[in-house]
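Chemist: I have a structure I would like to understand better, so I am pasting it below and will then ask my questions one at a time.
The values are calculated or read from the model by the stated rules, or taken from the named source; none is laboratory data. Keep in mind that this is a model prediction, so the values were computed, not measured. Here the Cβ positions follow ideal geometry from the backbone for every residue, glycine too, while neighbour counts run over all protein chains shown. What goes into the accessible areas is simple: the full protein's heavy atoms, side chains included, and nothing from ligands, DNA or RNA. Shrake-Rupley method; radii C 1.70, N 1.55, O 1.52, S 1.80 Å.
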Amino acid sequence: LTNTEKPLFKSHEQINSVFVENEHLRCLREATAELPLGYMQIDPHQAAFIAFLAGAIKATKVLELGTFTGYFALSLALALPEEGRLITCDITTQWKTIARHHWDAARVSRKIDFRLRSASHVLNTLIAKGGSGTFDLVFIDADKDNQDEYFEKSLKLLSPNGLLLIDNIFMGKASIGSKQEDVKFSKDQIIKVRNLVNRIRNDKRVDMNILPIADGLALIRKL
Ligand SMILES: C[S@@+](CC[C@H](N)C(=O)[O-])C[C@H]1O[C@@H](n2cnc3c(N)ncnc32)[C@H](O)[C@@H]1O
């Protein structure tokens, strides 16, 4: 194959064969896979990549919207320095026991501040308490209906050069008008996310790159 013919990305099988996953993350992933909603978990490669970025920028203050069983939180907590802290929130305690069990097993619970609150509530509280401009990294992975608000408020909380990551930019296998059966998102949500991406592209406050990892990851830097 010439250079231009070579596929840009290797297959998942090839990546998996060289991917090293922390044992606590592996246990949590296996436990999550048994849940009916297990597909909601962040892709392990995505989590590993974001944890790597957090290390690269020496992040100490991280916010996650949408905890689920806590894979991202665990991945980041393992990467953060001793003084590092991650705030994460969810609107249900349904998966809190499993998350807490694995965070405890990995001895990183002290770095994780779980809040049983909506993403909106947590963002508003952090802003009201003077958190603007203090976060190194924010990961948006909650509901897809309020992404515009999450983007604006997260941007406010980020420090200059801080990183904002948004998952599911490709919105599953969905494309508008598609008849795919396993589409997880509504047409309205797909349109909203696409409009947001287009707006961010032209937003002078940020620089954005979209990475084709898993369901598409927007990597946004606050200028
Ligand atoms: C895709 S999952 C998150 C996956 C998680 N980040 C991980 O590491 O595996 C989305 C989560 O967002 C939560 N959620 C839904 N609406 C929310 C809201 N308004 N505020 C906060 N969390 C919400 C859901 O309960 C669910 O656990």
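Chemist: Mind checking which residues of region 45-64 are open to solvent by 40 Å² or more (accessible area, probe 1.4 Å) and near the ligand (Cβ under 8 Å from one of its atoms)?
Modeler: Scanning region 45-64 gives no hits.
Chemist: Sort out which residues of region 65-81 are in contact (Cβ under 8 Å) with a residue 24 or more places away in the chain and more than 7 Å from the ligand (Cβ to nearest atom), and write them in order of number.
Modeler: Within region 65-81, Leu74, Ser75, Leu76, Ala77, Leu78, Ala79, Leu80 qualify.
Chemist: Just give me the residues in region 149-175 being surrounded by fewer than 19 Cβ atoms within 10 Å (Cβ to Cβ), within 16 Å of the ligand (Cβ to nearest atom) and modelled with pLDDT of 95 or more, in sequence order.
Modeler: Glu149, Glu152
Chemist: Can you spot a residue in region 96-115 that is among the β-branched types (Val, Ile, Thr) and either in contact with a Gly (Cβ under 6 Å, 6 or more places away or on another chain) or exposed (fewer than 14 other Cβ atoms within 10 Å of the Cβ) (or both)?
Modeler: Yes, region 96-115 has at least one match.
Chemist: Can you tell me which condition Asn124 does not meet? The list is (1) touching a strand residue (DSSP E or B) at 6+ places or on another chain (Cβ under 8 Å); (2) open to solvent by 10 Å² or more (accessible area, probe 1.4 Å); (3) farther than 21 Å from Ala218 by Cα, and all the others hold.
Modeler: (1)
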